[in-house]
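See structure below.
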Amino acid sequence: KCRAVVLISGSGSNLQTFLDAAANAECEYAVEAVISNKADAYGLTRAQNAGVSTEVLSHKDFADRDSFDRAMVKLIDSYEPDLVILAGFMRILTPDFVRHYSGRLLNIHPSLLPKYQGLHTHKRALEAGDDEHGATVHFVTEELDGGPPILQAAVPIETGDTPELLAQRVLVQEHKIYPQVAQWFAQGRLRMVGDRAEFDGELLPRSGLR
Ligand code: GAR
């Protein structure tokens, strides 16, 4: 089985979908550990409830980003992962970290990338008057929220939407696409080739699949 380590900072609702999926026999990955940079992240409780090892590494205990990321790599590698999943991990990663896991590091971002990289994506989509919004699972590269998209899900924006309502509807979609991509990766169907994602031997469009 593919060994996955999941990094979180908060609620961990995406983590929950991996834990749920991994409980099924057909799932080709196992969650070996959940690592949080915040001791009070609810996702740690979710992992414990599923019998998965948890670790807390607080960035506040390190002098700078480099030393934090080096400690993260050491901790993550102690679980010998084939796949590292960022699931609401709210820290910018150093180029060394990203290069170390190149081709086996996934992130989910709550927008239809390349739109709205960075924070407050739901608010920004509303303020722009967009008629749709969504989420993107992508390989992580050194460019923040800029790595090759794999799978996107769109939701229509409705009149009267607030950032909170929109975020909830986007999350429902996140919970479908992220475990799907992890399963594809575990099945060996997904690769990063240069700045593109490849699925079943075919280069994906630059915005990923929808
Ligand atoms: C998700 O909406 C995820 O897309 C977003 O944080 C939320 C985490 O929710 N990620 C980012 O904004 C990354 N920059 P969760 O903890 O319930 O999975």
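The values are calculated or read from the model by the stated rules, or taken from the named source; none is laboratory data. These figures come from a predicted structure and were not determined experimentally. Every residue, glycine as well, gets a Cβ built from its backbone with ideal geometry; the counts of neighbours run over all protein chains shown. We work out accessible area using only protein heavy atoms, side chains counted, and drop any ligands, DNA or RNA first. Shrake-Rupley method; radii C 1.70, N 1.55, O 1.52, S 1.80 Å.
Computed over segment 2-106, the convex hull of the alpha-carbon atoms projects to a mean area of 6.0 nm².
Neighbours of GLY201, meaning other residues whose beta-carbon lies under 13 angstrom from its beta-carbon, give a summed charge of 0 when Lys and Arg score +1 and Asp and Glu score -1.
Counting only protein heavy atoms and using a 1.4 Å probe, what share of the accessible area of the chain belongs to carbon plus sulfur, as a whole percent?
Working: 4930 of 10020 Å².
It is 49 percent, rounded to a whole number.
The distance from the alpha carbon centre of segment 1-40 to that of segment 126-200 is 18 Å, rounded to a whole number. Mean residue ellipticity at 222 nm, helices only, the chain: -10000 deg cm²/dmol; runs of at least 4 DSSP H residues each add -39,500 (n - 2.57), and the sum is divided by the number of residues.
Look at the Cα gyration tensor of the chain: its axes a ≥ b ≥ c give a/c under 1.5, and that counts as rounded. In the chain, the longest principal axis of the Cα atoms and the axis of helix 163-186 are about 50 degrees apart. Beyond 28 Å in Cα-Cα separation lie the following of the pairs LYS38/LYS176; LYS38/LYS74; LYS1/LYS176; LYS74/LYS123; LYS1/LYS74; LYS74/LYS176: LYS74/LYS123; LYS74/LYS176.
Note on MET90 and ARG169: their simple-model spin labels are 2.4 nm apart, each label 7 Å out from Cα toward Cβ. Label-to-label distance, ASP130 versus ALA63, with points set 7 angstrom from Cα along the beta-carbon direction: 4.1 nm.
Taking amide H atoms as placed 1.01 Å from N in the peptide plane, the amide H of THR54 lies under 5 Å from those of VAL34, each 5 or more residues away in sequence or on another chain. If only the Cβ of Lys and Arg carry +1 and only the Cβ of Asp and Glu carry -1, the dipole of segment 96-135 around its Cα centre is close to 240 debye. For the peptides 41-52, 63-74, the ranking by packing is 41-52, 63-74, with the highest mean count of neighbouring Cβ atoms within 10 Å listed first.
Can you tell me how much longer the chain between ALA30 and LEU144 gets when fully stretched, taken as 0.36 nm per residue apart minus their C-alpha distance, in nm with one decimal?
38.3 nm
Just the number, please: percent antiparallel of the DSSP beta bridges in the chain, rounded to the nearest 5. Mind showing how you got there, number by number?
Numbers: 17 of 36 bridges.
Rounded to the nearest five, the antiparallel share is 45 percent.
In terms of the mean number of neighbouring beta-carbon atoms within 10 Å, the peptides 7-15, 118-126, 155-163 order highest first as 7-15, 118-126, 155-163.
In sequence order, segment 10-21 has phi-based couplings of x, 4, x, 5, 5, 3, 4, 5, 5, 4, 5, 4 Hz under the Karplus curve 6.51 cos²θ - 1.76 cosθ + 1.60, θ = phi - 60°, and Gly or Pro positions carry x.
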